[in-house]
Structures are given as C-alpha cells and as structure tokens.
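Asks: Can you read through this structure? Questions will come right after.
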Amino acid sequence: MKILLCLLTLSLLTAVFPAFALPQAPVRLWPGAAPGALGTTPNDIPTLTPYLPDPALATGAAIVIFPGGGYSGLAIDHEGTAYALWLNQSGVAAFVVTYRLGSQGYRHPVMLEDASRAVRLVRSRAAEWKIDPNRLAVMGSSAGGHLASTLLTHFDAGDSKSTDPIERESSRPDLGILCYAVLSMVPPNVHEGSRQNLLGDHPSPALLNYLSSEKQVTSQTPPCFLWATGEDSVVKAENTLDFAAALRRNGVPFDLHVYQHGGHGIGMGDDNPPFRNVLPWTADLLFWLKAQNFVK
C-alpha cells in the first residue's frame, strides 16, 4: 500500500510539475551476483535507481547519490530520492545508489566496489540516459559522504582489457558534493559508528589512514562542494574543514560552507516536492553547479 501511495504521489507530481520524472526501475550494479555477495537477499544486491529530468530541461549533467546512514542503514528517501527529484528541477539527471552495508556483514572494500561500479555503469549507459559522461558528479551525506570522498580519492581509469565493457569505464567523478560528511577514520574527529560498520573491530593503522579522506587528497582529486554545520554534534565540522584544507594544499578548486545552525542529517530541510522551502545550501550548490556547467 505504501509503495502504491508513493507511486500515485509521484504520478500527480509528474502531471503538475513536469520536472519531476517517475523513477525508472532499479538497475542491478552487476547482472549476476555482486563480487563478495554473502547471499541473495535484496541486501546483497546493490542497485542504482535513475531519476531523469524532463528532456526540455535536461542539461546533460548527472549526479550519482550515496545516501547516508552510518554504513548501517540507508536514508534513501531523505538523502536520496529527495535530492534526486530536487536536482531534476534544474535539469540534472540523478542516480540513487543502494550500496551494501556493515550491518549486513559487509566491510571495506565492498562499499567502494559498489560506488565505483555505480559510476562506471552510469558512464557506460550515458547514451541511453542522454547524459554527458564527462559531466558526472558524486554526492553523499554523512557516511554516504565518506563513500563519495573515498571514490574521489581512490578512483581509477578502468580496466581496458576487461571483457566487461562496464569495467573499462573510469570511476573518476568529475565533481564531488559532500554534505556533513564523515571524512576521517581517526581521532579526534572520527565517527565511531561509521568506522565500526565499515572496518570492523581491529582495523590496521594503515587502513585507517587509507580511508581517512583528508589524508588522501592529491592534485588529481576532483573539484568539490562541501558543507557542514557548526551545531552538528554527531559528525564534527572539522571533518569538512580538514578535507577543504587538504584540497587547498593540493590546488584543487572547492566551495566550502559551514552554516551556523542545523543538526546532523538535516538534508534539504524540505523533502517534499516542489521543494519551495529548502535550506540555503541548496541555493549555494546550484550557484556552484552553474559555474561548473552542470546547470543552465
């Protein structure tokens, strides 16, 4: 019944606001079992759901979205679907990823494999989805921001010799958007729950360093938009500030915002289309995306 009501709501929105396209059916990241799958339940099958804008508004840009949830759950509606529908209003295609989680028995590098595969998959179907494979960003909130940042700092050019055409595609995002992101895996700014779910009980110092994204920035890291709040008591704003400082040291362009008010996990503030009452970061992001040629 809940699914039916959601579909009816989306249908009404599509009729009244053409920018809101009905999502397509979820696409499995791998046609068969995902690498390292522990079973065959929906929790073991990572997917992405395409949200494509009205063709009259489409800019050709696309954003792959990783919802947060501490690597224990996924805030799909709050930090996935709502973002996607909001981006559609500005002509940007969006793809919401359900990646595997620590609460389901998975550990790194499974989550990074899912994220990399999602970017490769979108690039491989760029013609079908009418997007520019060279204007493809990643966006993540909280632990989803950590996953996005891991991909921003640990991408590769693809395997040109692979028999799988998807694996030949680059996993490098062209831009990154990090929302109150978990970025460090070491004290004093680590979010303990995310680290536990991602890495288990006794991660090595080398692995903690490898997955502390503020320590992994290079001159090849893509440009980023970052925001956090001073009142966030769950994930310290220092995560975002330290990552921004690393971008600056390496000459990577970035746009940084730390807002005075707002707790953790606030998303856009308004998760209900047509999104007329959203938080200021959304306007700042659109301004930046225009400068990156993602939004008209």
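The values are calculated or read from the model by the stated rules, or taken from the named source; none is laboratory data. The structure displayed is predicted, hence computed values, not measured ones. Positions of Cβ are generated from backbone atoms using ideal geometry, with glycine treated the same way; all protein chains shown enter the neighbour counts.
Asks: Do we find a residue being in contact (Cβ under 8 Å) with a residue 60 or more places away in the chain and in contact with a helix residue (DSSP H, G or I) (Cβ under 6 Å, 6 or more places away or on another chain) anywhere in the range 207-215?
Replies: Looking for residues that are in contact (Cβ under 8 Å) with a residue 60 or more places away in the chain and in contact with a helix residue (DSSP H, G or I) (Cβ under 6 Å, 6 or more places away or on another chain), one finds at least one in the range 207-215, hence yes.
Asks: Of these, Ser170, Ser213, which one is surrounded by fewer than 22 Cβ atoms within 10 Å (Cβ to Cβ), within 17 Å of the chain's Cα centre (by Cα) and under 28 Å from Lys290 (Cβ atoms)?
Replies: Numbers: Ser213 fails: surrounded by fewer than 22 Cβ atoms within 10 Å (Cβ to Cβ).
Exactly one of Ser170, Ser213 is surrounded by fewer than 22 Cβ atoms within 10 Å (Cβ to Cβ), within 17 Å of the chain's Cα centre (by Cα) and under 28 Å from Lys290 (Cβ atoms), namely Ser170.
Asks: Related question: Out of (1) in contact (Cβ under 8 Å) with a residue 40 or more places away in the chain; (2) among the polar types (S, T, N, Q); (3) assigned to a loop (DSSP other than H, G, I, E, B), what's the single condition that is false for Thr81?
Replies: The one condition Thr81 does not meet is (3).
Asks: Restricting to the range 142-161, name every residue that is in contact (Cβ under 8 Å) with a residue 60 or more places away in the chain and in a loop (DSSP other than H, G, I, E, B).
Replies: Correct list: Ser142, His154.
Asks: A follow-up question, please. Scan the range 150-181 for residues that are touching a Lys or Arg at 6+ places or on another chain (Cβ under 8 Å) and of a type in the set (Val, Ile, Thr) and report the count.
Replies: Of the residues in that region, 1 qualify.
Asks: Assess whether Ala244 counts as being free of Cβ contacts under 8 Å to residues at least 24 places away in the same chain, among the aliphatic types (A, V, I, L, M), within 22 Å of Glu113 (Cα to Cα) and part of a helix (DSSP H, G or I).
Replies: Values: free of Cβ contacts under 8 Å to residues at least 24 places away in the same chain: yes; among the aliphatic types (A, V, I, L, M): yes; within 22 Å of Glu113 (Cα to Cα): no; part of a helix (DSSP H, G or I): yes.
No: the conditions fail for Ala244.
Asks: Could I ask something else about it? State whether one or more residues within the range 268-284 are modelled with pLDDT of 95 or more and within 16 Å of Ala143 (Cα to Cα).
Replies: No, the range 268-284 contains no residue that is modelled with pLDDT of 95 or more and within 16 Å of Ala143 (Cα to Cα).
Asks: Let me ask another. Among Val119, Val96, Val110, which is the only one that is hydrophobic (A, V, I, L, M, F, W, C), closer than 30 Å to Asn277 by Cβ and either at pLDDT 95 or above or surrounded by fewer than 24 Cβ atoms within 10 Å (Cβ to Cβ) (or both)?
Replies: Val96
Yes/no per residue for (1) of a type in the set (S, T, N, Q); (2) in contact (Cβ under 8 Å) with a residue 12 or more places away in the chain; (3) not in a loop (DSSP other than H, G, I, E, B):
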| residue | (1), (2), (3) |
| --- | --- |
| Asp255 | no, yes, yes |
| Ile266 | no, yes, no |
| Gly269 | no, no, no |
| Pro274 | no, yes, no |
| Val278 | no, yes, no |
| Leu286 | no, yes, yes |
| Asn293 | yes, yes, no |
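Asks: Additional query: Pull up the range 261-270, narrow it to residues that are under 19 Å from the mean Cα position of the chain (by Cα) and buried (at least 17 other Cβ atoms within 10 Å of the Cβ), then point me to the one that is nearest to Glu79 (Cα to Cα).
Replies: Of everything passing the filter in the range 261-270, Gly267 is nearest to Glu79 (Cα to Cα).
Asks: Looking for something under 27 Å from Trp288 (Cα atoms) and either small (Gly, Ala, Ser) or more than 20 Å from the chain's Cα centre (by Cα) (or both) - is there at least one such residue anywhere in the range 199-207? Steps first, please.
Replies: Let us first name the residues in the range 199-207 that are under 27 Å from Trp288 (Cα atoms), namely none.
No, there is no match, as no residue in the range 199-207 is under 27 Å from Trp288 (Cα atoms) and either small (Gly, Ala, Ser) or more than 20 Å from the chain's Cα centre (by Cα) (or both).
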